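First the structure, in the form of structure tokens, and then the observations on it.
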């Protein structure tokens, strides 16, 4: 069985001590850094801008998994590539020409991800799943951290896994929102490969230990 990855979401980190939190993730059993970029238009919140991501990239020693919750993401593909992004995920709902966006991300040297909001069915990816390196299923409504997990996510993971298997695609399944030790095992059982954890990690008494426990739980 391939290793299941843990991707702490820096949206929940302490912005006044961002370097400290990045170093913690570097030294931990986490596999990726998950970075949410919000524009206040596609989602009702604003998060990191380019200078902050540039600062993160200078210190981060692990895969940079950048999730764009923005309108017109194509405008910024080259910028995120220049910052050292490894995986760039755009929202299905924000892309008029999804296939073209995926090709542009790959042409810029990054892996291409597609995120689906809770109400968007996985069947809409039928025609381009072979071109997608990662599908990020939103298990909360995007825009804010600390929300409750949407139970229907398990069914979506299973449906997506079935589609990936049927098409013989190499696509990874990522879950973003409300991930804790209470649902991690069941998500992996359903077919998830990458678990994004924000508040659960950074608001815990010992984030390093929390990451370790979560990694052990899903890889045992």
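Readers should treat all values here as calculations from the given coordinates under stated rules, not as data from a laboratory. What you see is a predicted model, and the numbers here were worked out from it, not measured in a lab. Don't worry about glycine lacking a Cβ; one is built from the backbone with ideal geometry, like all the others, and counts go over all protein chains shown.
Considering helices alone, the calculated mean residue ellipticity of the chain at 222 nm is -10000 deg cm²/dmol, with DSSP H runs of length four and up weighted by -39500 (n - 2.57) and normalised per residue. Sorting the segments 96-102, 171-177 by their residues' average number of neighbouring beta-carbon atoms within 10 angstrom, most packed first, yields 171-177, 96-102.
Extension gain for residue 100 to residue 46 (0.36 nm times residue separation, less C-alpha to C-alpha distance): 16.8 nm.
Full extension of the chain between residue 126 and residue 182 yields a length gain of 17.1 nm, computed as 0.36 nm times the residue separation minus the alpha carbon distance.
Peptides 55-67, 147-159 ranked from most to least packed give 55-67, 147-159, packing being the mean of other C-beta atoms within 10 angstrom over each peptide's residues. Distance from the alpha carbon centroid of the range 42-116 to that of the range 126-198 works out to 18 angstrom.
Restricting attention to the chain, close to 5% of DSSP beta bridges with both partner residues there are antiparallel. Remark: relative contact order (the chain) = 22 percent; criterion is Cα-Cα distance under 8 angstrom and separation of 6 or more residues.
Among 81-89, 6-14, sorting by the average number of other beta carbon atoms lying within 10 angstrom of each residue, highest first, gives 6-14, 81-89. For the range 99-177, the convex hull drawn through the C-alpha positions has a volume of 91 cubic angstrom per residue.
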